[in-house]
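The values are calculated or read from the model by the stated rules, or taken from the named source; none is laboratory data. Predicted model only: the values in this text are computed from it and were never measured. Backbone-built Cβ (ideal geometry, glycine too); neighbour counts: all protein chains shown.
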Amino acid sequence: MSVLLKKPVFEGISQKELAEQLEAKKKCKDKLPSWFNTPNIYYPNKLNIEQTSSEETARYKSGLVDGKTLLDLTGGLGVDTYYFSKKIDTVFHCEINTNLSEIAQHNFEVLGQKSIVCLSQNGIDFLNETDKKFDWIFVDPSRRNDEIGKVFLFKDCLPNLPKHLPLLFKKSKNILVKASPLLDIKQGIEELDFVKEVHVVAIQNEVKELLFHLEQDYDGSVRIKTINLVHEEEVTFNFNHEDEPHVKVEFGSPENYLYEPNSAILKSGAFKSVANAYGLKKLHQHSHLYTSNGPINFPGRRFSIIRALPYSKSNVKEFSQQKANITTRNFPMSVAEIRKKHKIKEGGETYLFFTKTFPDDLMVLECKKWE
């Protein structure tokens, strides 16, 4: 029977509120295990949980900061705040929503973090009023604008970060900004001042967030750091943003091994830099697949190439009614269209890459996964 249809269980708590708590807690099981496994946690609505950082990404962010004080300008549920407080002596949590601020404060106490100061007010207003300075300011601008709808550019988010950066730099020399994984990294760098690093953070090969580290008066190269968190291991690749357009890359036909960069590298745009760093040939300027004669320890998926076939109906016919995992890179048909046209089933241990090779040849690469 639904909780809503049962008689009230707890005095002063409606069945609707109880149902909402149970639903919200369920969403925390994998994303926020510390919250899920701690008694007496109070959960906000499920939208707040969907918008918050996961514990994995919050833990990563905490490794980027140091010092004695940090201000979380847009605190929300406070997952990032909680992990910052494990590295920083005093963390200030600003949250304009009074109810959410009270929930966060209650949960901090339940979790035993006493070094967090909760302030139920707009973070920008707090900065204008306070005389304090901070070692770090962290801001996760809201990407829901009442006038525009869902947004990604910093100038359209709340708060408008480019507008308020002079105020933030009056209060701290280091600013850490969380952005949507959909944001164009080049656009983000152009919108902000003094960008020192951009971290592209993925979990299990799915990009979750972009982090921009701004350091007052920094005028050096922007370092792009890609991180794929896989079972508590960090798979990383770093490069200079300004160098990528000038890197020379060799194009070549498929050899014995095929490499597909992980999602963090693909998001970062390090298409030439990754080839250069690992001594690989690129199949085509726009394919973002790489090849080598010998096996390479590479940050992404690795395959041994069984055959490289020119794309034609007759060459693909042998895979009809067979199982195969299909990937397309720079190919004029989608995976669904290929499956339908050539009657290829999902699954199995065969991997088919439908792609374009240099100079402009459509190819099918039959591969086996190489661990």
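Numbers at a glance
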| quantity | calculated |
| --- | --- |
| Options Lys46, Lys68, Lys29: the member that is modelled with pLDDT under 95, of a type in the set (Lys, Arg) and over 22 Å from Val230 (Cα atoms) | Lys46 |
| Which numbered condition Lys356 fails, given (1) free of Cβ contacts under 8 Å to residues at least 12 places away in the same chain; (2) farther than 27 Å from Leu229 by Cα | (1) |
| Only listed residue being modelled with pLDDT under 95 and of a type outside the set (Asp, Glu), chosen from His231, His213 | His231 |
| Boolean, Val249 is β-branched (Val, Ile, Thr), assigned by TED's automatic domain parsing to the domain that holds Arg59 and surrounded by fewer than 18 Cβ atoms within 10 Å (Cβ to Cβ) | no |
| Subset tally (residues that are part of a loop (DSSP other than H, G, I, E, B) and over 23 Å from Thr52 (Cβ atoms)) for the range 201-244 | 10 |
| Options Phe36, Phe10; residue that is surrounded by fewer than 19 Cβ atoms within 10 Å (Cβ to Cβ) and either modelled with pLDDT under 90 or in the same structural domain as Gly75 (by TED's automatic domain parsing) (or both) | Phe10 |
| Criterion: acidic (Asp, Glu), surrounded by fewer than 17 Cβ atoms within 10 Å (Cβ to Cβ), closer than 24 Å to Glu255 by Cβ and in contact (Cβ under 8 Å) with a residue 60 or more places away in the chain - qualifying residue of Glu371, Glu349 | Glu371 |
| Test: residue in the range 202-211 that is surrounded by 17 or more Cβ atoms within 10 Å (Cβ to Cβ) and small (Gly, Ala, Ser) | yes |
| Residues within the range 186-201 that are in contact (Cβ under 8 Å) with a residue 40 or more places away in the chain and either surrounded by fewer than 20 Cβ atoms within 10 Å (Cβ to Cβ) or more than 17 Å from the chain's Cα centre (by Cα) (or both), tallied | 2 |
| Tally of residues being on the phi < 0 side of the Ramachandran plot and surrounded by 20 or more Cβ atoms within 10 Å (Cβ to Cβ) across the range 272-291 | 10 |
| Selection status of Phe319, crowded, with 17+ Cβ neighbours inside 10 Å and out of contact with any strand residue (DSSP E or B) (no Cβ under 6 Å at 6 or more places or on another chain) | yes |
| Test result for Phe251, more than 19 Å from the chain's Cα centre (by Cα) and farther than 14 Å from Asn228 by Cβ | yes |
| Where a residue in the range 16-41 is acidic (Asp, Glu) and its partner, wherever it lies, is at pLDDT below 90 and assigned to a helix (DSSP H, G or I), with Cβ under 7 Å and at least six apart | Glu23/Lys46 |
